[in-house]
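S.K.: Pasting in a structure now, in structure tokens, and then I'll have a few things to ask.
The values are calculated or read from the model by the stated rules, or taken from the named source; none is laboratory data. Just so it is clear, the structure is predicted and the values come from calculations on it, not from any experiment. Cβ atoms come from the backbone with ideal geometry, glycine included; neighbour counts cover every protein chain shown.
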Amino acid sequence: MGATVEEALEQLKSTGVRMTPQRHAILSFLMNSMTHPTADEIYKSLSPAFPSMSVATIYNNLRLFVEAGLVRELTYGDDSSRFDADLSEHYHAICRSCGKIEDFDYPPLTEVEAVASRETGFKVHGHRMEIYGFCAECAKPTS
């Protein structure tokens, strides 16, 4: 994974970002989540503890975390961005039925950046790959 919650909080504080209880809760939720949540999912999870927090607060903080390099925004063209605090090089397997996203690592794919750079002359800054199918739960036959 990337930084710990405490390291991320210190990074934000060092850039002058004021740490609010809501901001801390959103960041902690993201960094401890393995589910790649949407802003609405974060809101639903945190609203019982923070009833006055709005969805706009979630979106504003997510934007701040993305700009600070603490979180990645994963877009899939369906207007429902998901957020990933695991900044390591990894890939995603996505269930076409329930939308579940699982992380996986496949080191040979990192060489693709060097090949792309050599063949195109691009200065490559990264790549993204998704595998689509059905998770174990959705793939179970129904009786």
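S.K.: Considering the stretch 55-95 alone, what residues qualify as being within 14 Å of the chain's Cα centre (by Cα) and part of a strand (DSSP E or B)?
M.R.: Scanning the stretch 55-95 gives R72, E73, L74, R82, F83, D84, Y91, H92, A93, I94.
S.K.: The conditions are (1) part of a helix (DSSP H, G or I); (2) under 28 Å from I26 (Cβ atoms), and S52 fails exactly one of them. Which is it?
M.R.: (1)
S.K.: Sticking with this structure for a sec: Only one of (1) under 21 Å from the mean Cα position of the chain (by Cα); (2) free of Cβ contacts under 8 Å to residues at least 12 places away in the same chain is not met by K123, so which one is it?
M.R.: That leaves (1) as the condition not met.
S.K.: Looking only at residues that are of a type in the set (A, V, I, L, M) and part of a loop (DSSP other than H, G, I, E, B) in the stretch 96-143, which one is nearest to P37 (Cα to Cα)?
M.R.: Step one: of the stretch 96-143, the residues of a type in the set (A, V, I, L, M) are 101, 109, 112, 114-116, 124, 129, 131, 136, 139.
Checking which are part of a loop (DSSP other than H, G, I, E, B) leaves us with 124, 129.
Numbers: V124: 28, M129: 18 Å.
So, considering only residues that are of a type in the set (A, V, I, L, M) and part of a loop (DSSP other than H, G, I, E, B), the one nearest to P37 (Cα to Cα) is M129.
S.K.: Sort out which residues of the stretch 20-42 are free of Cβ contacts under 8 Å to residues at least 24 places away in the same chain and either part of a loop (DSSP other than H, G, I, E, B) or of a type in the set (A, V, I, L, M) (or both), and write them in order of number.
M.R.: T20
S.K.: A follow-up question, please. Does the stretch 90-108 contain at least one residue that is of a type in the set (S, T, N, Q) and either at pLDDT 90 or above or closer than 16 Å to V5 by Cα (or both)? Please lay out each step first, then the result.
M.R.: Keep residues of the stretch 90-108 that are of a type in the set (S, T, N, Q), which gives 97.
Adding the requirement that they be either at pLDDT 90 or above or closer than 16 Å to V5 by Cα (or both) leaves 97.
Yes, that holds for at least one residue.
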